[in-house]
Amino acid sequence: MNRKLGLAEALDIAMEAELKAQAFYAQAAAEVRDPRGRDLLGRLAAFEQYHYQKLLDLSRSLQAEGSFIPYEPRTVDQFMPLIGQGETAGTLLDQLKSEADILSKAIENEKLAGERYRTLVEETTDPVGRDMFRQLAGEETVHQRILEDEFFSLSNKGVWGWSGLYGE
């Protein structure tokens, strides 16, 4: 049976996913030895924490006032890396054997997050809410692209290509 989620339930699922993503990236950053890979994954951990906080702020605003909040987009290079912080419950990091496996799982997670936010764009009628979910979907797509570039670099050149100056 496939049922449509209410907004509150969809936000709860999205917040849980953001927390898991934050933990996954933070723990992955601790596992990666290359400083560029560690920096990127740590910054993505901080970015996912930012997403979680904004969704929490939205949830509280919807409960208290019934209104959506404006979203301030960010870029990966605006965050300081979080490394090794957070629980990895449900992230399966221990089952990933290589940096390429970590990147593959991260790419998959970013695709799912982007799809989740694009669905919320379609299901939300409030223009401020639609804009927020559109921005979140766009940021997840940029994360996916960055990770795909890193996967390519690691697979074909044997090195992380992240320079910390990615124009989003």
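A short reminder: the numbers here are calculations on the coordinates, not readings from a lab. Because the structure is predicted, anything quoted here is derived from the model rather than measured. Note that each Cβ is placed from the backbone with ideal geometry, even for glycine, and that neighbours are counted across all protein chains shown.
What to note about this one:
- Tilt relative to the chain, helix 127-157 - C-alpha long axis, 0 to 90 degrees, to 10: 10
- In the chain, the sites counted are trypsin sites (Lys or Arg not before Pro) in DSSP loop states with at most 16 other Cβ atoms within 10 Å, and the longest stretch holding none of them, exclusive of the sites, is 98-168.
- Net charge over other residues, Cβ less than 10 angstrom from the Cβ of Ile107 (K, R count +1; D, E count -1): -1
- Summary of the geometry: the range 34-84 and the range 100-135, compared by the centres of their Cα atoms, lie 13 Å apart.
- Per residue, the chain reaches -24000 deg cm²/dmol at 222 nm when only DSSP H runs of four or more residues are counted, each adding -39500 (n - 2.57).
- Semi-axis lengths, largest first, of the ellipsoid equivalent to the chain are 29, 16, 15 Å, with √(5λ) applied to each eigenvalue of the Cα gyration tensor.
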